[in-house]
Amino acid sequence: MTDLQTGKQTGKRTAPRDVRRKQLIMAAIDSISKLGFSGTTLKHVTEKANLSHGVVNYHFDSKEALYDATLGFIAKEHYEMWMGFMQKAGPEPAEKLRAVIEADFDKKICAPKKMAVWFAFWGQAKYRPNYLKIHARYDEERFTEIGRLCSEIIREGNYSHLDPNRTARTIEALIDGLWLTMMLYPSDAKRLQCRDDCFGTIALLFPDHVKDFAPSHPVTCKKS
């Protein structure tokens, strides 16, 4: 079994500890997504996890330590998802960029609870610098990778008017904006539609690679 914090393999004797930690983290995700930081208490978390208060104290020194572990968990999960998708994609940079975006809109990552938790942490990052450090640990590599892929596509397609870093920031902002739209308007903004909106916008940046970003789920407008 893999330790959620270190990623190292552990023996069977530590399995219950790993299970308990994950129970508490998943309970924290549930509570933060519903109540936010201000409304979440250790009592809410332990009740959701069906564990005693003493178990929390055994695994985490404080509520802040639990929050750090929770952010680390979802950040690492996201990192492993997009990295895995990219590694399995075809050799062309456009194929790999598409795979990274597919991962962002995968139902495991792009889930209402987890999106709510992401935004909750982002909202607190100004006051909790440690959250920025945890997020940056994974996010900086992702931005570098997207920038590298954009650079290769720009060179390949002779898109000399585009700057790789600015294009990468645009793509990141587009994805974040679509996540926020899904949170604010869940009945109208559907996951696959937002993913295809993202593909459609990137196709405008890289028109010669439109075949690699063509929406696979055509969007149909609702009748008024």
With Cα atoms, 0 to 90° folded angle of helix 191-205 axis to the chain main axis: 40 degrees
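R0 = 41 Å: FRET efficiency of residue 108 with residue 160, Cβ-based, nearest 0.05?
Details: r = 38 Å, r/R0 = 0.93.
Calculated transfer efficiency: 0.60.
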Added length on full extension, which subtracts the Cα-Cα distance from 0.36 nm per residue, residue 95 to residue 127: 7.7 nm
Distance (nanometres) between label positions extended 7 Å along Cα→Cβ at residue 136 and residue 19: 3.8 nm
Region 59-101 and region 149-194: distance between their alpha carbon centers, rounded to Å: 17 Å
Net charge of neighbours whose Cβ lies under 10 Å from the Cβ of residue 33, counting Lys and Arg as +1 and Asp and Glu as -1: +2
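Can you classify region 103-144 as rounded, prolate or oblate using the Cα gyration tensor, where a ≥ b ≥ c are the square roots of its eigenvalues, rounded means a/c under 1.5, and otherwise it's prolate if a/b beats b/c and oblate if not? If you can, show how the numbers build up before the last one.
Working: a/c = 3.34, a/b = 1.26, b/c = 2.64.
Judged from the Cα gyration tensor, region 103-144 comes out oblate (a/c at least 1.5, b/c at or above a/b).
Using the structure shown, select from 63/190; 96/133; 43/190; 107/133; 34/88; 63/96 the pairs with a Cα to Cα distance greater than 31 angstrom. Mind showing how you got there, number by number?
Details: 63/190 34 Å; 96/133 27 Å; 43/190 34 Å; 107/133 26 Å; 34/88 35 Å; 63/96 38 Å.
Violating the 31 Å Cα-Cα cut-off are 63/190; 43/190; 34/88; 63/96.
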For mean projected area of the Cα convex hull in nm², calculated from these coordinates, the label among (1) 14.0; (2) 14.8; (3) 11.5: (2)
Debye intensity ratio in log₁₀ form over the Cα atoms of region 54-156, taken at each q of 0.13, 0.18, 0.24 Å⁻¹: -0.55, -0.91, -1.26
Neighbour net charge for residue 75 - beta-carbon separation under 9 angstrom, K R +1, D E -1: 0
Residue 144-residue 208 FRET efficiency (beta carbon distance; Förster radius 22 Å; 0.05 resolution): 0.35
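What is the gain in length, in nm to one decimal, between residue 47 and residue 201 on full extension, counting 0.36 nm per residue of separation less the C-alpha to C-alpha distance?
Numbers: separation 154, 0.36 × 154 = 55.44 nm, distance 4.39 nm.
Difference between extended and current length: 51.1 nm.
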Net charge of Cβ neighbours under 14 Å - reference residue 194; Lys, Arg +1; Asp, Glu -1: -3
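Would you compute, from DSSP H runs of 4+ residues alone, the mean residue ellipticity of the chain at 222 nm, taking -39500 (n - 2.57) per run and dividing by the full residue count, rounded to the nearest 500? If you can, show how the numbers build up before the last one.
On the way: 10 runs with 160 residues, N = 224.
Result for the chain: -23500 deg cm²/dmol, rounded to the nearest 500.
Can you tell me, using C-alpha contacts under 8 Å and at least 6 residues apart, the relative contact order of the chain as a whole percent? Don't jump to the answer; show the numbers that get you there.
Working: 210 pairs, mean separation 36.2, N = 224.
So the answer I get is 16 percent.
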Theoretical gain in end-to-end length, residue 55 to residue 87 [0.36 nm per residue, Cα-Cα removed]: 7.7 nm
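Where a number appears in this text, it was derived from the coordinates with a stated rule and is not lab data. Computed from a predicted structure; not experimentally measured. Cβ atoms come from the backbone with ideal geometry, glycine included; neighbour counts cover every protein chain shown.
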